[in-house]
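Visitor: Pasting a structure here, questions to come.
The values are calculated or read from the model by the stated rules, or taken from the named source; none is laboratory data. Fair warning: this is a prediction, and the values are worked out from it, not measured in the lab. Cβ: placed from backbone, ideal geometry, glycine included. Neighbour counts: every protein chain shown.
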Amino acid sequence: MSRENEGIFKAGIALIFFGGTFFVSGLRRHRQLKAVEDTPSSDIRSAAQGLVEFQGHALPYERAYVSSDGRSTVYRDLKIQKYVRRGKNSSWETIHQETEGNQFVLSDGTGLALVHLNDAEFVLNETKTAWKAFPGEVQSDLVQRYGGVVSGLRPGGGGFFSFGGEEFRFLEKNIRVGSPVYLRGSFSTTAGLAPYVIEPVHLQFLGKLASLRKETGGKAKAFDLNRDGKIEEHEVARGSEKMLYQAKSGVQSGDQPEPVAFQGMLRSDSNHGLLIADCHQEHLNRKLGSFVLLRIFGGIAMIAVGVGVLAGLT
């Protein structure tokens with residue numbers, strides 16, 4: 001095969017590969033979107049056993065975890081990547097990966113559900129942070145946490161334009177404590193499960209959530225931060241963070257943790273998978289529906305072109 005034909009062959013294979021990737025991801029998103037649209041939402045307190053859809057906020061069960069930027073989370077998936085140069089080729093390569101969190105508590109202001117994350121599908125926003133973008137104190141903390149497994153990670157170094165230094169970036173997906181969450185899965189009762197012992201700050205937070213449900217216009221008051229009549233995904237996340245911060249100020253010195261019973265548990269089983277998103281349904285629908293048809297039909301078109309390119313070589 002001549003060098004020119006070899007290049008054409010590689011281009012055809014690349015078109016088929018990326019077209020297949022777009023097609024499969026489009027079909028997956030379409031399937032998720034239809035499942036979300038076809039499942040009615042339930043309150044935790046009155047939910048029947050079986051397939052359910054809940055919207056609420058996440059709280060830690062046994063412990064919270066710490067994200068790269070120092071925030072408390074109930075689940076996190078981290079990749080540390082290094083920019084590797086090999087001759088004329090260069091790419092980001094994952095050199096460390098970790099996942100933390102297999103359970104958390106969901107509250108929607110009516111009750112509590114224990115969520116088991118095993119075999120769950122996640123639709124989570126991913127943050128990409130260059131090493132140089134972390135403040136100095138955060139870099140120092142991250143070096144303590146990951147310096148033993150990531151060679152070359154050091155405060156002030158490893159950033160872009162680092163004059164020969166190694167370049168790193170952190171890719172992370174989180175479900176933060178207090179953040180909005182959407183869940184669709186199999187719900188069952190929790191006979192024999194020990195009560196959830198709620199810390200005073202989280203009890204204050206749940207009280208604020210319950211008040212939102214009762215107050216006319218409470219949702220807009222809490223989450224429409226720019227007062228434009230529309231509640232965007234980032235506003236719900238920021239408003240929830242603000243509510244959790246306000247809850248801390250409501251805690252009194254004598255407040256003690258309180259045990260509260262679960263209404264049930266949510267998990268993936270042989271009949272129903274578990275879908276978890278870091279937003280509420282209206283924003284999840286928008287996210288899943290974005291460019292879904294373009295992914296499907298664009299992927300088909302790329303595959304067809306790739307096959308045509310390869311067929312032209314024969």
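Visitor: Can you name every residue in the stretch 40-78 that is under 12 Å from Thr110 (Cβ atoms), out of contact with any strand residue (DSSP E or B) (no Cβ under 8 Å at 6 or more places or on another chain) and of a type in the set (Gly, Ala, Ser)?
Guide: Residue satisfying the conditions is Ser46 alone.
Visitor: Tyr196 passes all but one of (1) touching a residue at least 12 places away in the same chain (Cβ under 8 Å); (2) surrounded by fewer than 12 Cβ atoms within 10 Å (Cβ to Cβ); which number fails?
Guide: Here Tyr196 meets the rest and fails (2).
Visitor: Taking the stretch 251-305, which residues are of a type in the set (A, V, I, L, M), surrounded by 20 or more Cβ atoms within 10 Å (Cβ to Cβ) and touching a helix residue (DSSP H, G or I) at 6+ places or on another chain (Cβ under 8 Å)?
Guide: Leu275, Ala277, Leu284, Leu288, Met302
Visitor: Output the residues belonging to the stretch 40-78 that are surrounded by fewer than 18 Cβ atoms within 10 Å (Cβ to Cβ) and in contact with a helix residue (DSSP H, G or I) (Cβ under 8 Å, 6 or more places away or on another chain).
Guide: Residues satisfying the conditions are Ser41, Asp69, Gly70.
Visitor: Answer yes or no as to whether Leu142 is of a type in the set (A, V, I, L, M), buried (at least 17 other Cβ atoms within 10 Å of the Cβ), in contact with an Asp or Glu (Cβ under 7 Å, 6 or more places away or on another chain) and on the phi < 0 side of the Ramachandran plot.
Guide: So Leu142 fails the test.
Visitor: Being part of a loop (DSSP other than H, G, I, E, B), of a type outside the set (Gly, Ala, Ser) and farther than 27 Å from Thr127 by Cα: is that true of Leu313 here?
Guide: yes
So that you can scan it fast, the table gives a plain yes or no per residue for (1) closer than 21 Å to Pro40 by Cα; (2) modelled with pLDDT under 90; (3) in contact with a Leu (Cβ under 7 Å, 6 or more places away or on another chain); (4) not aromatic (Phe, Trp, Tyr):
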{"position": "Val260", "(1), (2), (3), (4)": "no, no, yes, yes"}
{"position": "Gly264", "(1), (2), (3), (4)": "yes, no, no, yes"}
{"position": "Gln281", "(1), (2), (3), (4)": "yes, no, no, yes"}
{"position": "Ile300", "(1), (2), (3), (4)": "no, yes, no, yes"}
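Visitor: Looking at the stretch 200-249 only, could you name the residues that are among the charged types (D, E, K, R), in contact (Cβ under 8 Å) with a residue 12 or more places away in the chain and closer than 20 Å to Ile44 by Cα?
Guide: Lys208, Arg213, Lys219
Visitor: Among the candidates Thr129, Thr94, which residue alone is within 30 Å of Leu288 (Cβ to Cβ) and surrounded by fewer than 13 Cβ atoms within 10 Å (Cβ to Cβ)?
Guide: Result of the check over Thr129, Thr94: Thr94.
Visitor: Quick test for you: out of Val36, Val24, Val74, pick the one residue that is among the aliphatic types (A, V, I, L, M) and farther than 22 Å from Glu233 by Cβ. Explain how you work it out, then say what you get.
Guide: Numbers: Val36 fails: farther than 22 Å from Glu233 by Cβ; Val74 fails: farther than 22 Å from Glu233 by Cβ.
Being among the aliphatic types (A, V, I, L, M) and farther than 22 Å from Glu233 by Cβ holds for just one of Val36, Val24, Val74, which is Val24.
Visitor: Considering the stretch 1-54 alone, what residues qualify as being part of a helix (DSSP H, G or I), in contact (Cβ under 8 Å) with a residue 12 or more places away in the chain and among the acidic types (Asp, Glu)?
Guide: Of everything in the stretch 1-54, just one residue is part of a helix (DSSP H, G or I), in contact (Cβ under 8 Å) with a residue 12 or more places away in the chain and among the acidic types (Asp, Glu), namely Glu37.
Visitor: Right, here's the next one. Go through the residues of the stretch 84-94 one by one and say whether even a single one is assigned to a strand (DSSP E or B) and basic (Lys, Arg).
Guide: Scanning the stretch 84-94 turns up at least one residue that is assigned to a strand (DSSP E or B) and basic (Lys, Arg).
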